[in-house]
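Colleague: One structure coming up, written as C-alpha cells, with questions to follow.
The values are calculated or read from the model by the stated rules, or taken from the named source; none is laboratory data. Quick caveat: nothing in here was measured; it's all calculated off a predicted structure. Positions of Cβ are backbone-derived with ideal geometry, glycine not excepted, and every protein chain shown enters the neighbour counts.
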Amino acid sequence: LADHNDPNAVNSIFSDIDVSAADLYDMFGFPSSDTEGGEKVVIALTFASVPKPGVLDPDILYRIQIAPDERVVWPAAHEPALDTLLGYFDALKHKYLGAFRPSEIRVKVDANNRASVRFLHFAGGNFSCELETNRVASMQSPGGHTIQAFVGGRDDAFFNDLPGFFRSINYAPQFYHVPHTMPEARELKIPKTLLELEGNDLFNYDPKFPDWGHGFKKDLPSGPLVWNGTRFKKDANGNYRFVYSGKDAQAGKNLNAIILEIPLAFLTNSPGKHRIVNVWGESWVLKAAHKVETIPDEPFWLEHPRALLDTVRLDDELKKYKLVDTDGQPFADAALSEREDNRQMGANNFWLAPHFIKRLAHLGWGFGPSISALGLKTSFDHDNSPVSVHKTYSTVAAAFPRVKKTLFQELRMPDDSWNKKGLPIPLRRPVEIFIPNVNAIDMDTTGTWPFGRRLEDQVATRFLAMFLDMSAEFNGKHYHVELLNDQTLWDVAPIEPKTPPNPLKNDREFLHHFPYLAEPW
Amino acid sequence: MDSGKRNGNGAMPETDYEKELERLQTDISVLAPDALRPSVDAGRATQYASLLYQRASLTGNLKSLRDVESVIDEVIGAVNHAGDLLFLKANLAFKLHRLDDVATILRHAPSLCETPEGRALRADLDFQSGRYREARQGYEKAIAENRTWDNLARLAHWIFKMGDDAEADRLYEEAEDELTAKQMRSFAWLELQRGLLDLEKHHHAAAHEHYRKAELAYSGYWLVEQHVAALLAAEGHFAKAAERYCRIAERVPKPEIHEAIGKLYQMQRQDEAEPWLKSAETEYLESAEAGEIHYLHHLADFYLHTAPDPQRALYWAELDAKHRANFSTQAVLALALYRNGRAEEAAEQITAALSSGVVDDHIFSTAAQIFRAAGWNDKADRYATRVPESHGGHAHFHMHH
C-alpha cells in the first residue's frame, strides 16, 4: 500500500495505551520497626506486572528519589488565606527549582531479568549492585550500611473498591465502551457523589448486571449523557444507596515491586535533624533511538551486556529515557488529574496548585452534599445544597472560599498511636500532603498516612475523610481520618449497603518482616 | 514451547515483523468468534475491526483492506456511537486515496474534527487535495497542541516536499526522539523517511545507514526491504535490487513490486520482464475497473515509463487528477499531455504543480521538458538548471513508496 506519508499506517489509529510496566501504582513508605543498628526507612514502589509478575521490562528504568529534610511546621496562627497558600506554593517552587538535588535509586533489569540497583548522591556514598530478582538481597554501602532490597513480583498491596470510586466520579470508561473520539464522555458532567442520584441510570447499580464496572462494560447509550434529577436516590425504607460496595477490586492480583529497607544514616548525614524522608517514584521508558543503539549487530554483545552499560555515563543516561509516570501520594491523580501525560510532574507539581484548588472544589460539590445527607459534617462549603452538584471553576479566587477549610484543616488521627514518641508533631493538612506530590515519611511516627504510608493504611477512605469537618464529633469523639472506616458509623447511617466504602484489610496478610508485601498469588 | 505460537510456515516467529503479525493474528482469532454477533459488544467489535485494519496495513494486503471496510460498515450500523469506526473508515479511505470519501466522513462527523487525530487527518486531506497552506497550518496547530511524533513527521513531509531537507530531517529526528522502545516499528518508519531524504539528494551511503537502522529497529519488515531495493536500483545495482524485490514479492501481494521487478529485468533480461509487467498491469487495471482510485497513478506511470502508451497514460492521469488535484497528480498529467503532443495544456498543468512550491527533481525535469516544447525557453532553462546532473543516471527507475 502506498503509504504517502502516513505515519500511523499500521499503528492502532487511536492513542489507546495498554497496561504498561511504566504504570506506577503506589509509593509506600514508613519507618521500619527494626531499629537494630539504627533507624531505617522502608520504601516500596509498586507497578504493573508487565510482562508478568516477577519479570520486569528491561526497557523501563525506575527511579526512586529521596530527599531527607527537617520537619516544617505550618504557620498555624495564620488565618487560612489565598495569599498564604500562594506564598507556600511559591516557596516550594523556589525549593524545587533551586539547588535542590535529591538522592536517587535507579533500578532496571537486563534481558535475563537480573536487576541493577544504583544508589546515587547519598550521604552514605554512591554504589551499585546486581541482584537476582524475586529474592531478598542484602547490600553493603561503601560506608558499611546494610540495605535490604527486593525486586520482583508480590501480591498487590492496594485494597480498594476502585469501581466504587469510579462510580462516585462518573468515570464512564469503567462502565462503558467510550470511543476514543469522545474524550468529553470520559468523566461525564454528572455530579460526583458518594450516594446514588435518583434517576442516574448511567451509573446507578444495576442488579441485572452485577459485574457491571467489574470487567463488564455496556455500550455507551445514545442520547444526552447527563443527569436531570434533583435528589439522592432512596429505597422504600428511606435509605440512600452507597456508590461503594466495600469489596476489594484488587483481590487476587499481583504486581511488581521495588522494596528497600535503608538506614536513615545512609540517606542523610543529619539523621537527628532530618526527620522527614521525602520520597517519590518515577518510571522512564527507553527511547527508540537508544534501543537501536543497544540492539546488537554481533552476538558478542548479548553475552557481555556490562560492556555496553559501562560506557554509559550516568548524567547522559536519563537523556535516553522518557518520563512516563510519577507516584508520591495516593489519589494525587484523582485530586490533580495527574493521569494526563503532560502532568507527570512528581515533586515538581507546584505549578498544578491552582488546578488542585479548582479540582478540589469540583470534587467538594459532589462529596460535600453526600456527606451532609448522611448527617455528617463536611469541610466543604456547599451552601447546604440538598444534593450533589456538578460545578467547575475557571478561577482559583472563586474556588478557594469553598475549599478553604478542606485545604487547611488538620487531618485528625483516630488516636495517638501514630505519634509513637509523643513528640509535638503537628497534624498534617491536605494542602501540605498533595503539593508537592511526595510521600513525606515522618521518622518519629509510625508512618501511617499522611505521615508516610503503611501497607495496612486504607488510604482511599482516608482520602474521602478530607471532606469531613474535623472539628465535628461523632459519638462524643472528633472526626478523624479513619471515621469512614468505622463500621458503627455505617450501622446507624441511612444507607445501603451498610459498609465502609473500601475493604478494611488486604486480601493477603502482610509480612512482619522484609519485604513486607505478601507473596504473589 | 507453545505450539500455538508458530507462523504460517510452521516455524517460530523470529523477526519483529513476524512477532507483531502473530500477535495481531492471535488477538484477531480471540475476538473473531463473537465480534460480529447480534447485539454487538461495541468495544470488542471496534477492537476487532481495528485489528483487521492493522493486519491489512502491516501486510500490505490491499484485498484484506477492502474486506476490512465491509466489517467496519457492519459494525458502524450496530453501535450507538460510531465515532471511532468512522475515523477508522476515514483512515482506510485516505489510504486508498478516496479523498472525497474522507471529506464526506469528516463532514458528517464534525465531532471527529475536534479530536487531535481528526485534526491531523483533516490536514493530511488538505495536503493531498492541494491545499498546502491549510495543511501546514493544520500540522503546526496539531503540534502546538500536542507535540506527537506522528504530527512532527507529517510536518516534516510537508517541509521535505517544499524543499527544506535540513529542516525536514531535523523534524524527523525530533519525531524519533518522541518514540520509545515500545514503538520500534514507528522508529523504523521514520528512519525510512530520513533515508528517502538522503536518496533524493543522492546521498546513497547515508540512505543505506538509515535503512540499516530501520532493519535493526524492526527486523523482517518488507517495507524496509522495499526501500533498500529501490536504493540499490538507484545506485545501478539492478540484479541485487531485482533479487530483493523478488523476495518481497514472495511475501507481499503488491503489483507495484511486480512492476519494479519487471522494470529491472527490462534492463537486464528482457524476456523475463514481460510476465512481471503483465501481472502488475492486470492488477492495476482490475483495481481501476472496480472503481478504485488507489492504483490510478501507478497506471499513469506505467503507461508513461514502463510500457509507454501515451493515450492510456493520459486517460488514467486525468482520472487520477480529477480525484485528487495535487502537485504529484498534476505533474503526471502534465507529462501525459506532453507525450500526447498537447504541450500548451501540459505547460498549464505543470505550472499548476509548480505553483505549490514543490521542490522535486522529477517534477523540475518534467517542467524543463514541457516548457521547452511549449517554447518557453527561459522557464525551461530555469528548471533544467535545478535538476542535478546525477538525476539523469537512473531516472528511468522510479519506485512509488
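Colleague: Find all pairs meeting these conditions: Cβ atoms under 7 angstrom apart; at least six residues apart or on different chains; first residue within the stretch A:510-521 and without any contact (Cβ under 8 Å) to a residue 40 or more places away in the chain; second residue among the hydrophobic types (A, V, I, L, M, F, W, C).
Modeller: Close Cβ pairs (under 7 Å, with a partner that is among the hydrophobic types (A, V, I, L, M, F, W, C)) amount to A:L511/A:A518.
Colleague: So which of A:F159, A:F216, A:F150 ends up being within 14 Å of another protein chain (Cβ to nearest Cβ) and over 23 Å from A:L360 (Cα atoms)?
Modeller: A:F216
Residue by residue, here is whether (1) out of contact with any strand residue (DSSP E or B) (no Cβ under 9 Å at 6 or more places or on another chain); (2) over 30 Å from A:V292 (Cβ atoms); (3) hydrophobic (A, V, I, L, M, F, W, C) holds:
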residue: B:S50; (1), (2), (3): yes, no, no
residue: B:N61; (1), (2), (3): yes, no, no
residue: B:V68; (1), (2), (3): yes, yes, yes
residue: B:H81; (1), (2), (3): no, yes, no
residue: B:K95; (1), (2), (3): yes, no, no
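Colleague: Determine the pairs where a residue that is touching a residue at least 24 places away in the same chain (Cβ under 8 Å), located within the stretch B:30-57, has a partner that is part of a loop (DSSP other than H, G, I, E, B) and of a type in the set (V, I, T) with Cβ atoms under 6 Å apart, the partner being 6 or more residues away or on another chain.
Modeller: Sorted first by the residue in the stretch B:30-57, then by its partner, the pairs are B:A42/B:V79; B:Q54/A:V10; B:S57/A:V10.
Colleague: OK, next. Identify all residues within the stretch B:140-152 that are away from chain A (no Cβ under 11 Å) and not aliphatic (A, V, I, L, M); write none if there are none.
Modeller: B:E140, B:K141
Colleague: Exactly one condition in (1) surrounded by fewer than 24 Cβ atoms within 10 Å (Cβ to Cβ); (2) at pLDDT 95 or above; (3) within 19 Å of the chain's Cα centre (by Cα) is false for B:E200; which is it?
Modeller: Of the numbered conditions (1) surrounded by fewer than 24 Cβ atoms within 10 Å (Cβ to Cβ); (2) at pLDDT 95 or above; (3) within 19 Å of the chain's Cα centre (by Cα), the odd one out for B:E200 is (2).
Colleague: From B:V71, B:V40, grab the single residue that is farther than 24 Å from B:D320 by Cβ and assigned to a loop (DSSP other than H, G, I, E, B).
Modeller: B:V40
Colleague: Shifting gears a bit: Can you give me the number of residues within the stretch B:138-188 that are among the polar types (S, T, N, Q) and either surrounded by fewer than 17 Cβ atoms within 10 Å (Cβ to Cβ) or in contact (Cβ under 8 Å) with a residue 40 or more places away in the chain (or both)?
Modeller: Number of matching residues: 1.
Colleague: For residues that are surrounded by 11 or more Cβ atoms within 10 Å (Cβ to Cβ), in a loop (DSSP other than H, G, I, E, B) and within 14 Å of another protein chain (Cβ to nearest Cβ), tally how many sit in the stretch A:219-237. Step through it out loud before you land on a result.
Modeller: Start the filter on the stretch A:219-237 by keeping residues that are surrounded by 11 or more Cβ atoms within 10 Å (Cβ to Cβ), which leaves A:219-221, A:225-227, A:229, A:231-235.
Checking which are in a loop (DSSP other than H, G, I, E, B) leaves us with A:220-221, A:225-227, A:229, A:231, A:233, A:235.
Those left that are additionally within 14 Å of another protein chain (Cβ to nearest Cβ): A:220-221, A:225.
Here the count works out to 3.
Colleague: Can you tell me which of B:A347, B:A384 is assigned to a helix (DSSP H, G or I) and at pLDDT below 95?
Modeller: B:A384
Colleague: I would also like to ask the following. Could you count how many residues in the stretch A:461-490 are assigned to a helix (DSSP H, G or I) and closer than 23 Å to A:S32 by Cα?
Modeller: Total satisfying the criteria: 1.
Colleague: Read through the list (1) more than 11 Å from chain A (Cβ to nearest Cβ); (2) not in a helix (DSSP H, G or I), then give the number of the only condition that B:H97 fails.
Modeller: Result: B:H97 passes all but (1).
Colleague: Let me ask another. Considering A:F122, A:F127, A:F165, which residue is away from every other protein chain (no Cβ under 14 Å), without any contact (Cβ under 8 Å) to a residue 40 or more places away in the chain and either surrounded by 16 or more Cβ atoms within 10 Å (Cβ to Cβ) or closer than 16 Å to A:L45 by Cβ (or both)? It would help to see each step written out before you state the result.
Modeller: Details: A:F122 fails: without any contact (Cβ under 8 Å) to a residue 40 or more places away in the chain; A:F165 fails: without any contact (Cβ under 8 Å) to a residue 40 or more places away in the chain.
Testing whether each residue is away from every other protein chain (no Cβ under 14 Å), without any contact (Cβ under 8 Å) to a residue 40 or more places away in the chain and either surrounded by 16 or more Cβ atoms within 10 Å (Cβ to Cβ) or closer than 16 Å to A:L45 by Cβ (or both) leaves just A:F127.
Okay, residues lined up against (1) more than 9 Å from every other protein chain (Cβ to nearest Cβ); (2) under 24 Å from B:I293 (Cβ atoms):
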{"site": "B:E114", "(1), (2)": "no, no"}
{"site": "B:G130", "(1), (2)": "yes, yes"}
{"site": "B:Q137", "(1), (2)": "yes, no"}
{"site": "B:R154", "(1), (2)": "no, yes"}
{"site": "B:M162", "(1), (2)": "yes, no"}
{"site": "B:F187", "(1), (2)": "no, no"}
{"site": "B:R194", "(1), (2)": "yes, no"}
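Colleague: So, one more: Tell me which residues, restricted to the stretch B:26-42, are surrounded by fewer than 19 Cβ atoms within 10 Å (Cβ to Cβ) and either among the β-branched types (V, I, T) or more than 30 Å from the chain's Cα centre (by Cα) (or both).
Modeller: Within the stretch B:26-42, B:T26, B:I28, B:V30, B:P33, B:D34, B:L36, B:R37, B:P38, B:S39 meet the criteria.
For (1) among the aliphatic types (A, V, I, L, M); (2) within 14 Å of chain A (Cβ to nearest Cβ); (3) surrounded by fewer than 18 Cβ atoms within 10 Å (Cβ to Cβ); (4) free of Cβ contacts under 8 Å to residues at least 40 places away in the same chain, each residue gets a yes or a no:
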site: B:Y265; (1), (2), (3), (4): no, no, no, yes
site: B:R269; (1), (2), (3), (4): no, no, yes, yes
site: B:E289; (1), (2), (3), (4): no, no, yes, yes
site: B:T306; (1), (2), (3), (4): no, no, no, no
site: B:A317; (1), (2), (3), (4): yes, no, no, yes
site: B:N326; (1), (2), (3), (4): no, yes, no, no
site: B:G341; (1), (2), (3), (4): no, no, yes, yes
site: B:E348; (1), (2), (3), (4): no, no, yes, yes
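Colleague: Residue check, B:G262 against (1) under 29 Å from B:L152 (Cα atoms); (2) in contact with an Asp or Glu (Cβ under 8 Å, 6 or more places away or on another chain), all met but one. Which one?
Modeller: Of everything listed in (1) under 29 Å from B:L152 (Cα atoms); (2) in contact with an Asp or Glu (Cβ under 8 Å, 6 or more places away or on another chain), B:G262 misses just condition (1).
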